[in-house]
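See below for the structure under consideration.
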Amino acid sequence: MQDCTWAQGTLPSNRSEGSHMSEDKPPLPPFTRETAAQKVQAAEDAWNTRDPHRVAQAYTVDSVWRNRDLFVNGREEIIAFLTRKWERELDYALRKSLWCFEGSRIAVRFQYESHDRDGRWWRSYGNELWEFDEHGLMRRREASINDVPIDEGDRRIFGPRPATEHGSDFPLR
């Protein structure tokens, strides 16, 4: 893993401009194990709403993403990307798990299930690298994702995670 020690101090001056408004999104960096886990659960909860506008509010106005082979820049492109995503990935349900954290960076692994318009079900496995600004807004997201076809009977993720399961890990297979 890349050395993250710089993230505990000052942020690079050319990247701090994206959240020029004071729109804090707690918890704020530097993260502890507890606050990193809270950030991961908040992201999971937001993405499970499948509301692109709500999800986009967690990102800086100039956030940069790599999602698979696509590059997305800023909230407006995030909203457009998520709108297209959830038009294709029907009945989307997601689980995220904290992998590691340091300073203003968090790494997660995740799985989600969805089906396409033809009724084919998929389980998608991925890893994300996140970097936050001083207001707790994500300014960078890099996601690597692989899709595996599954039978509907093999599904194991149904809707948002119940509160009693927050913080629980999930099986790889």
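Throughout, read-outs are computed from the coordinates displayed, never taken from laboratory work. These numbers were taken from a predicted model, which means no experiment stands behind them. Virtual Cβ from ideal backbone geometry, glycine too; neighbours counted across all protein chains shown.
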Exercise. Helix 33-49 versus the longest principal axis of the chain: what angle, 0 to 90°, nearest 10, using Cα atoms?
Worked result: 50 degrees
Exercise. What value, in deg cm²/dmol to 500, does the helix sum -39500 (n - 2.57) over DSSP H runs of n ≥ 4 give at 222 nm once divided by the residues of the chain?
Worked result: -6500 deg cm²/dmol
Problem set entry | Taking Asp62, Asp151, Asp116 and counting other C-beta atoms within 10 Å, the order from fewest to most | Asp151, Asp116, Asp62
For this session: Determine, for Thr83, Thr164, the number of other Cβ atoms within 10 Å of each Cβ, and report the residues in order from fewest to most.
Result: Thr164, Thr83
Exercise. So in region 25-165, what percent of DSSP beta bridges are antiparallel if you round to the nearest 5?
Worked result: 90 percent
Problem set entry | Approximate spin-label separation Asp51-Thr32, in nm, with each point projected 7 Å along Cα-to-Cβ | 3.0 nm
Exercise. If one takes the longest principal axis of the Cα atoms in the chain, at what angle in degrees, from 0 to 90 and to the nearest 10, does the Cα axis of helix 74-88 lie?
Worked result: 10 degrees
Problem set entry | Length-normalised contact order of region 30-173 in % [C-alpha pairs under 8 Å, at least 6 apart] | 24 percent
